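The values are calculated or read from the model by the stated rules, or taken from the named source; none is laboratory data. Every value quoted in this text rests on a predicted model; they were computed, and no experiment measured them. Cβ placement follows ideal geometry from the backbone for every residue including glycine, while neighbour counts extend to all protein chains displayed.
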Amino acid sequence: MNPAPNLILVGPMGAGKTSIGRRMAERFGLEFGDVDQAVIERCGATIATIFEHVGEAGFREREKAALAQLLDGQGRLVSTGGGAVLDCDNRRLMQRHGFVVYLRVGVDSQLKRLGRDRARPLLQRGDREQVLRDLAAIREPLYAEVADLMLDTDGLSPGTATSTLAHLLSIHWQRSECAA
Ligand code: S3P
């Protein structure tokens, strides 16, 4: 949505949504909110423990509630988890409440960035490369559907990606004060 009162980052695991999000929030004077972190704080448990106890479906319910709460306001930068776009209500909510940026990353870069990851339950099963390719096949069209702007982060450090994105946003994002 444009003009929009919030910025929202979507994209796959390892795209840099949290690290770039924090930096962008500082640059634009926005309050930073991270959906995964909000779920962890609300549940008092790690994402891995939540998956273990209530499964992926239970995690998605909690993710949906946390996203709605973070988007119930303005002047925020909200980083979402890689699977938040799977839910059609989430996609509509994002489009109504913010200017949505898709941080793209290819599977090769994801493998490098997430090589030692033990915190993401979806990566702890089977062939990691195949898992990432299967997730991308389903999700890439959804990221593209919801996004107002796309930045390819392949080969970019968080600092360079932040500067590039800040420049793009200064051109494309019209900041508004009121939620729709
Ligand atoms: C997930 C991505 C994770 C986290 C959870 C599920 C996904 O967030 O929400 O492990 O389905 O892709 P990041 O994209 O921040 O790693």
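Residues of region 1-36 being among the basic types (Lys, Arg) and touching a strand residue (DSSP E or B) at 6+ places or on another chain (Cβ under 7 Å), which ones? Write out each step before concluding.
First, pick out the residues of region 1-36 that are among the basic types (Lys, Arg): 17, 22-23, 27.
Scanning region 1-36 gives LYS17, ARG22.
Quick check, is GLY98 more than 15 Å from the ligand (Cβ to nearest atom) and modelled with pLDDT under 95? Steps first, answer last, please.
Working: more than 15 Å from the ligand (Cβ to nearest atom): yes; modelled with pLDDT under 95: no.
So GLY98 does not fit the description; no.
Residue-by-condition table, conditions (1) closer than 22 Å to MET24 by Cβ; (2) touching a helix residue (DSSP H, G or I) at 6+ places or on another chain (Cβ under 8 Å); (3) of a type in the set (Gly, Ala, Ser):
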{"position": "GLN74", "(1), (2), (3)": "yes, no, no"}
{"position": "GLY82", "(1), (2), (3)": "yes, yes, yes"}
{"position": "ASP89", "(1), (2), (3)": "no, yes, no"}
{"position": "PHE99", "(1), (2), (3)": "yes, yes, no"}
{"position": "SER109", "(1), (2), (3)": "yes, no, yes"}
{"position": "ASP117", "(1), (2), (3)": "no, yes, no"}
{"position": "LEU123", "(1), (2), (3)": "no, yes, no"}
{"position": "ARG128", "(1), (2), (3)": "no, yes, no"}
{"position": "LEU135", "(1), (2), (3)": "no, yes, no"}
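Out of region 1-54, which residues are assigned to a strand (DSSP E or B), surrounded by 18 or more Cβ atoms within 10 Å (Cβ to Cβ) and more than 15 Å from the ligand (Cβ to nearest atom)?
Passing the criteria: ALA4, LEU7.
Take the conditions without any contact (Cβ under 8 Å) to a residue 60 or more places away in the chain, of a type in the set (A, V, I, L, M) and closer than 29 Å to ALA48 by Cβ and apply them to VAL105. Does it pass? Show your work before the answer.
Working: without any contact (Cβ under 8 Å) to a residue 60 or more places away in the chain: no; of a type in the set (A, V, I, L, M): yes; closer than 29 Å to ALA48 by Cβ: yes.
Considered against the rule, which asks whether it is without any contact (Cβ under 8 Å) to a residue 60 or more places away in the chain, of a type in the set (A, V, I, L, M) and closer than 29 Å to ALA48 by Cβ, VAL105 comes out as no.
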